[in-house]
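J.: Mind looking over this structure? Questions follow.
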Amino acid sequence: MPIRKGPLVRTAGILTFARAPRGAIDGLEEGMVAVVGVPYETSTPAKRGPLLAPRAYRESSIYYQAHTNAGGGALIEIDSRERVDPKVVHAKLRDLGDLSVSHVDWTETERLLRDACRRIVGRRAVPVFLGGDHFISYPLVLGYRDAVLAAGGRGVGYIQLSSRLDLGDEDPVYGRVWRGATVRRLLDAGAVRPENLVWMGPNGYVRLEEWELARKLDARLFTPDDVRRRGIEAVAAEAVEIAGRGCDGIYVSVDMDVVDGGYVAMTGVPQLDGMRNDEVWKAMDVFARAPVGVLDLCGLNPLVEVMSLGKTGQRFGAHLVLRFAYPKIFAAGHSQ
Amino acid sequence: MERDESARSTPGAATFLSAPLVDLDRVGPGTVVISGAPHDSTHTSRFGTRMGPRGIREGSLAFAQKLVNAADDGLMEVATGARLRPRAGARLVDVGDFNVYPSDVMKTTEGIAGGVYEVVRRGGFSVCLGGDHYVGYPSCLGYCRAVRETRPKARIGYIHIDGHLDFGDEVAAWGKYNHGTNARRISEIEIVSPANMVWIGIQGWVSEEQIRTIERNGARVFTALDVHALGPAEVARRAGERASAGCDYIYLSVDIDFIDTGFFPATGSVVNDAITPGMLLEILRVLSRYPVGAMDFVEVSPRIDPTGRSMIMSTELLLGMLGPKLFQLEP
C-alpha cells in the first residue's frame, strides 16, 4: 500500500525515469520502451563520474513526471503539436533500474550487457540504455545483433553521435577494452559492416591512424560543419539510409560530447565546435521514426560541473530519451 | 559624507546600478523603479531564487562601474556606433525589497502587489526582480490595480518570455498560486485582455489543456524554434504588435529560463533550446519601442551559478528594456 496518495512534489519520491513504473525484462511486451541504467565507467581515463549519470538522468527526468501520470491531462509538443497521452506512456514506458555491472571483471560485464540487450529486443521492446562510459555500446550492439539474427534478420547498422571516431586499437593503460576503441571492437567482432557505419559530430583533431582507417573503410562521417551546411534533418535522414541499407535494425549511440561544451558542460572533454543541442534533438526526431531499435546515451559526467549545479546535460538527456520514445510508443507497430 | 563615486562597484549598499535607495513616497512620474521580491516558496523544484534580487543587484555593480568611468564621455554602442548619454531628466531608483511571507502565499501576493501599486500610481515604471515566476502575477496585479484607478477602461496586453507557458490552472501538490500558474492568474485579471497575451520561447512538451485554452482565448505562442526561424527581432515585433493591438499598455514578464541553461546557468529549470542571451537582449530592445508599462525579471537563482556570470548578464539584459528610458543614443 502506498504511503501517500495524490501527486508528489518533484523533490519527493523514489527516482524512476520520469516516474515511469518499475519493470523487469520478463514483463516487457511489444511496443514498450524500457529505460535501463548502465553505471559503468572503468574505461574513462580522465575524469571519473559517468558512473553517476544514470541517477542524474533520472533526477532531471522527474521534470517530465506529468508525462507518466495516468490520471493527469495530455501534453502537446509545442512545435510539432504531437499529442502525448500520459495513460499510454504510463502503460508503455518502463524503468528497469540499473544493470549490476562489475567494475573488475569486464568479461562478466560484457556478458551481462549483451544478454540484457538481446533479451529486451527479443521481447520486441525498445531499450534505451543510460551510460556509463562509451564502451558500453560495444556489448549492447552485440546483444542487439544477436536478437535481430535470432529473429531471422540480416544484421544491424550503427550510427554514432560523438566528437570522436572511437576507432582506437590498443591503449597502453586500458588495453583493448576502453571507450576510445568502441567502434574498432565492433568492426573486429563483425557486429557491424563498415558500409553500415555512420559517424555524426566528429570534430577537431583525430588520430591519423583512426582517420586513415575510417577512410579505408569508406564509412560515412558527418562533421558539425556538414550539419550546419546541409541541415540536421537531411544529414540524419542520410545517416539512417546508410546505416539501414541491407540491415534489419539500427543502433544509435549518443556520446554527450557531440554537443558543444557551451550547451552541455557535463562531459569528460567538453567540445569547442560541437553540434547545437537543438540539432541533436531534431536528429532524435528522425531516428525515432526510423527503424532504430536501440538507443544509448553515454559520456555524461555529472561531476564535471561545479557541485553538479548546472545540470545542462542530464535534463537534455532525459529530453532526448522521450523524443526517441514517443514515436515508438505511439506508433501502431515498431521496428525490431 | 560624500561618497567616492569612482569606487562604488564594491562598497556601500548594493542597489541596482548603484541607484539611490529611496522610499516609495520619493517615486515620481517617469522614474524607473527597481524593486525586489525575494520569494521562492512557490517554486516547484530547485529553490534559490529568493536570492535573485540581491544577486542581480550585486551583478549590476560591474556595469555601474562602467557607467561611472564613462560619465564624461558616455558609452559607445558597438553595434550601431551610437553614443549613449544619460537622458535628460531620467531617473533610476531602487526601492529595496517588498514584503514577502514564505509560509503565506496570499499575504506575499498582497505584499508585492501593494508595492508595485504604490510605484505605478506615482507614475513610476516598475521593474520587479524575482523571485520565482509566481512573482509575475502579484506584480502584474499591482500594476493593473494602479492603472485601473486612473483609467478605468484601460486594457492591458501581456508578453510572457519564458521556456514554459506557466498557464496551469492548478499544479499538482502546489495548488493555484505558484510559478506554474502565474500566467493563468494574470489572464483572469479583469483589465488584462486574454486575446492580447503573447508567449515567446516555449519549448518541449506543454499541457494540452493549457495550449488549447490559450488558443481558444485567441492568444499567440512563439516557440523557441520560431525565434530561431524568424529571428528574435521579428518575433519581438510581432509580439509587440499583437500584445498592443487594442490595448493601452503591455505588461512584460521575463523568465530568464527562456535562455539555454548552457549560457545562463543560474536558474532552477534547465532548458535546452539554443537560445542565447543576445537573442533575449535583441527582443527586449525591440519591445522597448512598445508601450510596456511595467515588467518583472524572474527566476534568477544565484547560487546555481558559482561563476556569477548570469547575474552580471542580467543587468545588460534589463538595459535592453530600460536603456532607452535612461539613455539617449547620439549618432
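Nothing in this text is a laboratory measurement; each read-out follows from the coordinates by a stated rule. Because the structure is a prediction, the values reported are computed rather than measured. When we count neighbours, we look across all protein chains shown, and the Cβ atoms used for this are built from the backbone with ideal geometry, even at glycine.
J.: With only Lys, Arg, Asp and Glu charged, each at its Cβ (+1 for the first two, -1 for the last two), find how big the charge dipole of region A:17-330 is about the Cα centre; round to the nearest 20 debye.
T.: 700 debye
J.: Suppose every K and R has +1 on its Cβ and every D and E has -1 on its Cβ; what is the size of the dipole of the protein assembly as shown about the Cα centre, in Debye to the nearest 20? Before the final figure, lay out each step's value.
T.: Details: 77 positive and 82 negative charges, 238 e Å.
Charge dipole, the protein assembly as shown, about its Cα centre: 1140 debye, nearest 20.
J.: Sticking with this structure for a sec: Return the distance in nm (one decimal) between the two label points of a simple spin-label model at A:Glu212 and B:Met106, each offset 7 Å from Cα along Cα→Cβ.
T.: 7.9 nm
J.: Moving on. What does DSSP give for the protein assembly as shown in terms of the percent of beta bridges that are antiparallel, rounded to the nearest 5?
T.: If we restrict to bridges inside the protein assembly as shown, about 20 percent are antiparallel.
J.: Right, another one. Full extension from A:Ala151 to A:Val104: what is 0.36 nm times the residue separation minus their Cα-Cα distance, to one decimal in nm?
T.: 13.6 nm
J.: Can you sort B:Cys144, A:Cys247 by how many other beta carbons sit within 10 Å, fewest first? Spell out each step's value before the answer.
T.: Numbers: B:Cys144 25, A:Cys247 22.
Placing the least packed residue first, the sequence is A:Cys247, B:Cys144.
J.: In addition: Any chance you could list P(r) for chain A, counting all Cα-Cα pairs in 20 angstrom bins from zero, rounded to whole %?
T.: Cα pair-distance distribution for chain A, in percent: 34, 60, 6, 0.
J.: Calculated from DSSP H runs of 4 or more alone, at -39500 (n - 2.57) each and per residue, what is the 222 nm mean residue ellipticity of chain A, nearest 500?
T.: -10500 deg cm²/dmol
J.: What is the total of Lys pairs in chain A with C-alpha atoms under 25 Å apart, excluding same-chain pairs fewer than 8 positions apart?
T.: Total qualifying Lys-Lys pairs in chain A comes to 8.
J.: Ordered by residue, what ³J(HN,Hα) values in Hz, to whole numbers, does region B:119-131 give under the Karplus form 6.51 cos²θ - 1.76 cosθ + 1.60, where θ = phi - 60° and Gly and Pro are x?
T.: Whole-Hz 3J(HN,Hα) from phi for region B:119-131: 5, 6, 5, 8, x, x, 8, 7, 10, 9, 8, x, x.
J.: Contact order normalised by length for region A:171-260, with contacts defined as Cα pairs under 8 Å and 6 or more residues apart; what percent is it?
T.: Normalised by residue count, the contact order of region A:171-260 is 28 percent.
J.: Rounded to the nearest Å, what's the spacing between the alpha carbon centres of region A:275-299 and region A:202-271? Just the number, please.
T.: Each part's Cα centre sits 11 Å from the other's.
J.: Rounded, prolate or oblate: pick one for region B:213-331, where a ≥ b ≥ c are the square roots of the eigenvalues of its C-alpha gyration tensor, a/c under 1.5 means rounded, and failing that, prolate if a/b is larger than b/c, else oblate.
T.: Cα axes put region B:213-331 in the oblate bin.
J.: Ok, one more. Projecting each Cα onto the charge dipole of the protein assembly as shown (Lys/Arg +1, Asp/Glu -1 at the beta carbon, about the Cα centre), which of A:Gly274, B:Pro102, B:Gly323 comes out farthest on the positive side?
T.: Working it through, the farthest residue towards the positive pole turns out to be B:Pro102.
J.: On to the next question. Which value in nm describes the separation of the simple spin-label points at A:Arg230 and A:Ala24, placed 7 Å from the Cα toward the beta carbon?
T.: Simple spin-label model gives 4.6 nm for this pair.
J.: Please compute, over every Cα-Cα pair in the protein assembly as shown, the percentage with a separation greater than 50 angstrom.
T.: Of the Cα pairs, 17 percent sit more than 50 Å apart.
J.: If you average the sequence gap of Cα pairs under 8 Å that are 6 or more apart and divide by the length of chain B, what percent do you get for the contact order?
T.: The normalised contact order for chain B reaches 23 percent.
J.: Projecting each Cα onto the charge dipole of the protein assembly as shown (Lys/Arg +1, Asp/Glu -1 at the beta carbon, about the Cα centre), which of B:Thr15, B:Phe297, A:Pro139 comes out farthest on the positive side?
T.: Value: B:Phe297.
J.: Assign one of three labels to chain B, namely rounded, prolate or oblate, based on the Cα gyration tensor with a ≥ b ≥ c the square roots of its eigenvalues; rounded applies when a/c is under 1.5, prolate when it is not and a/b is larger than b/c, and oblate otherwise.
T.: rounded
J.: What does the helix-only formula give at 222 nm for chain B: each DSSP H stretch with n ≥ 4 adding -39500 (n - 2.57), the total divided by the residues, and the result rounded to the nearest 500 deg cm²/dmol? Don't skip to the end; give the middle numbers.
T.: Numbers: 9 runs with 114 residues, N = 331.
The helix-only estimate for chain B comes to -11000 deg cm²/dmol at 222 nm.
J.: Moving on to the next point. Straight-line reach only, C-alpha to C-alpha below 18 angstrom: list the lysines that B:Lys107 could link to, leaving out same-chain residues fewer than 8 apart.
T.: B:Lys176
J.: With point charges of +1 on the Cβ of Lys and Arg and -1 on the Cβ of Asp and Glu, referenced to the Cα centre of region B:132-183, which listed residue (B:Ala154, B:Ala172, B:Asn182) lies farthest in the positive direction of the dipole?
T.: The Cα lying farthest towards the positive end belongs to B:Ala154.
J.: Under 5 Å between amide H atoms, partner at least 5 residues away or on a different chain: which partners does A:Val84 have, H built in plane at 1.01 Å?
T.: Amide H to amide H, under 5 Å and 5 or more residues apart or across chains, A:Val84 pairs with A:Leu75, A:Ile76, A:Glu77.
J.: How high is the relative contact order of region A:13-67, given as a whole-number percent (alpha carbon pairs under 8 Å, six or more residues apart)?
T.: Computed value for region A:13-67: 54 percent relative contact order.
J.: Still on this structure, please answer the following. Between B:Leu61, B:Leu225, B:Leu17, find the one with the highest GNM mean-square fluctuation for chain B; connect C-alpha pairs within less than 10 Å.
T.: In the Gaussian network model the winner is B:Leu225.
J.: Charges only on Cβ, +1 for Lys and Arg, -1 for Asp and Glu: so what's the dipole of chain B about the Cα centre, in debye to the nearest 20?
T.: 740 debye
J.: Right, something else. Could you tell me the center-to-center distance, by alpha carbons, between region A:88-145 and region B:128-193 in angstrom?
T.: Their Cα centres are 47 Å away from one another.
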